[in-house]
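None of the figures in this text is laboratory data; all of them are computed from the coordinates on show. Everything quoted here is computed from the prediction, not taken from an experiment. Here the Cβ is made from the backbone with ideal geometry for all residues, glycine too, and neighbour counts use every protein chain on show.
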Amino acid sequence: MREAGSGNGEAPAVMRTAIRSYRDIEAYRRAMGLLAPLHRLVARFPDVERFELASQLRRAAKSVPANIAEGYGKKRSAKEFKSYLGHALGSANEVVVHLEIAVAIGYVAQEDIQALVDGYDIVAKQLYRLIESWTDYGKQGSTSARETARRT
């Protein structure tokens, strides 16, 4: 976030960056960036899991950015947008649980999933902050949600 002052000793005013698209939401971009590594990881699972755990992981991972994008389409209603963000948050948590299950049953090692777990934990924190800070679209403060969600 940039700060601007008048140069006359006043406290600087905070300039906020507007969210013009769901692509401007950092949690969306981060979740999209985690998809390819997750898909590469689950490709190593045994064939017996292709339609079970691997499929659930892929669907949950895709659900995170999809819910952010779908919810953004309903951004004029804070309640609806926050509901979709809540679904995205739940999906991010679901991915982490399924990754932990994959470790528990011996498909991968903890070190194989740690970067993904860390990434989805950040996404979850960003979504939580966005949910907490979003107000009705167009009202004062709604555009600050991007900066609020970026802080981790």
Subtract the Cα-Cα distance of residue 121 and residue 97 from 0.36 nm times their separation in residues, and report this length gain in nm to one decimal. 7.5 nm
For the range 32-39, just list the computed ³J(HN,Hα) in residue order, Karplus coefficients 6.51, -1.76 and 1.60, θ = phi - 60°, integers in Hz, with x standing in for Gly and Pro. 5, x, 8, 4, 5, x, 5, 5
The answer for residue 108, listing residues at least 5 apart or on another chain whose modeled amide H is closer than 5 Å to its amide H, is 103
Could you bin all the Cα-Cα distances of the range 22-150 into 10 Å bins starting at 0 and give me the percent of pairs in each, rounded to whole numbers? 14, 45, 25, 13, 3, 0
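Give me the compactness ratio for the range 50-100, meaning the Cα radius of gyration over 2.2 N^0.38 Å.
That works out to 1.23 for the range 50-100.
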In nm, the gap between the two label points placed 7 Å beyond Cα toward Cβ at residue 105 and residue 128 is 2.8
Given labels modelled 7 Å from the Cα in the Cβ direction, how far is it in nm from residue 43 to residue 74? 3.5
